[in-house]
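The values are calculated or read from the model by the stated rules, or taken from the named source; none is laboratory data. Treat the numbers as computed from the prediction; the structure is a model and nothing was measured. Note that each Cβ is placed from the backbone with ideal geometry, even for glycine, and that neighbours are counted across all protein chains shown.
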Amino acid sequence: MKVYVGTYNKYNNGSIKGEWLNLSDFETETLFFSKCAEIHKDEKDPEFMFQDHEGIPEPLIAESYIDSRLFEILYLDLEEDMQTAFLDFMDNQHFYWKDINEAYSSFEESFRGNYDRLQDYTDEEADEMLDSYDLPESITLYFDYDKYYYNQKCCGLWISENGNVFESN
């Protein structure tokens, strides 16, 4: 997650001078804003302007605002693919959660993995279920994977644009 930090003063005077900052380089939100102040030390009281960003969901950032929950998510110290999955989950929840630890707990309960298609997940799940019953192949041949997929989808199973599969709790 990166953000380009300029100031309103510079922008209003025709300059977009600023710097790209990788949020994971900062251990705390305070250190991030200290770095922003250091970049714009040529201004007495800089009013930071977040002119561009990468990898940050829109509800967590605006031109003049970064949601502090973003830093809490970074503090979870997740691998990039898990962080993406968690953000997908949060986005689907419309960033409802205020308590990031509670949100992450709910995420862990509903996350099923990353797949190319939702039906890839349901087919794998069905195969595991059928294998657990140790049924003869002559019976398992009659299993309808498409109907199982449809049923699971109707029961709240969903997939994000990034291929992360979740089951609604």
Worksheet entry | Entirely in segment 1-80, the helices (runs of 4 or more DSSP H) that have 1 or more residues that are within 30 Å of residue 102 (Cβ to Cβ) | 29-39, 68-75
Worksheet item: Would segment 49-59 turn up any residue that is touching a Gly at 6+ places or on another chain (Cβ under 6 Å), in the same structural domain as residue 1 (by TED's automatic domain parsing), over 21 Å from residue 160 (Cβ atoms) and of a type outside the set (Gly, Ala, Ser)?
Response: yes
Worksheet item: In this structure, does residue 138 turn out to be under 30 Å from residue 77 (Cα atoms), exposed (fewer than 14 other Cβ atoms within 10 Å of the Cβ) and of a type in the set (Ser, Thr, Tyr)?
Response: no
Worksheet item: Within segment 46-61, is even one residue under 30 Å from residue 106 (Cα atoms), in contact with a helix residue (DSSP H, G or I) (Cβ under 6 Å, 6 or more places away or on another chain) and surrounded by 12 or more Cβ atoms within 10 Å (Cβ to Cβ)?
Response: yes
Worksheet item: Given the structure, is residue 162 more than 22 Å from residue 4 (Cα to Cα), outside any helix (DSSP H, G or I) and under 23 Å from the mean Cα position of the chain (by Cα)?
Response: yes
Worksheet item: Mind checking which residues of segment 73-85 are over 10 Å from the mean Cα position of the chain (by Cα), closer than 15 Å to residue 107 by Cα and in contact (Cβ under 8 Å) with a residue 24 or more places away in the chain?
Response: 76
Discussion item. Considering only segment 152-162, I want to know if a residue exists there that is surrounded by 18 or more Cβ atoms within 10 Å (Cβ to Cβ), touching a strand residue (DSSP E or B) at 6+ places or on another chain (Cβ under 8 Å) and under 20 Å from residue 56 (Cα atoms).
Written reply: yes
Worksheet item: Restricting the search to segment 84-127, which residues are within 21 Å of residue 55 (Cα to Cα) and of a type in the set (Val, Ile, Thr)?
Response: 84, 100
Worksheet entry | Condition met for residue 95 (in the same structural domain as residue 167 (by TED's automatic domain parsing), among the hydrophobic types (A, V, I, L, M, F, W, C) and in a helix (DSSP H, G or I)) | no
